[in-house]
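Peer 1: Below is the structure I would like to discuss, written out as structure tokens.
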Amino acid sequence: MNTIRSAGFEPVHAVGSLLSRLAAPWWITGGWAIDLAVGHVTRDHADVNVMMLERDEHALRGLTGVDVQLIAGGQPGSWPAGRRLTAVPDPGPKGGPGRPIGPDRLVVRGPDLPLPAEVS
């Protein structure tokens, strides 16, 4: 992991350290996955995208020292107990003219995460 830290991958390493506490599988996706594949950071990132199996999303509730927020219907809020993520995007233009809102996701923030993790 020292190579990853020294190459500008600190946010990915931080998310990996946090999620390594989970017994459930997870994957880095999006732009960071491309950067990891090519071996260097290709652009600035606003977050670290993570994918989990729907059946395992509840494992995030066991993480301590972080804030997990639900983004549903494009709006941030708390993640109520028993609430499952909706994986199918809303087809309507509720986010503005011609902008569908998309599927639910979770955003994880914490003092040890340089960038938030967006979990879908």
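The values are calculated or read from the model by the stated rules, or taken from the named source; none is laboratory data. In this text, all values refer to a predicted model and were calculated from it rather than measured experimentally. Cβ coordinates were reconstructed from backbone atoms using ideal geometry, including for glycine residues, and neighbour counts include every protein chain displayed.
Peer 1: Can you work out which of the residues in the stretch 36-63 that are of a type in the set (D, E, K, R) and crowded, with 17+ Cβ neighbours inside 10 Å is nearest to residue 12 (Cα to Cα)?
Peer 2: Applying the filter and picking the extreme gives 47.
Peer 1: Consider only pairs whose beta carbons are under 9 Å apart and that are at least six residues apart or on different chains; among these, list those whose first residue lies in the stretch 12-25 and is more than 28 Å from residue 40 (Cβ to Cβ) and surrounded by 14 or more Cβ atoms within 10 Å (Cβ to Cβ) and whose second residue is at pLDDT below 95 and not aliphatic (A, V, I, L, M).
Peer 2: 24/55; 24/56; 24/57; 24/58
Peer 1: Do you know which of the residues in the stretch 99-120 that are of a type in the set (Gly, Ala, Ser) and in a loop (DSSP other than H, G, I, E, B) is modelled with the highest pLDDT?
Peer 2: 110
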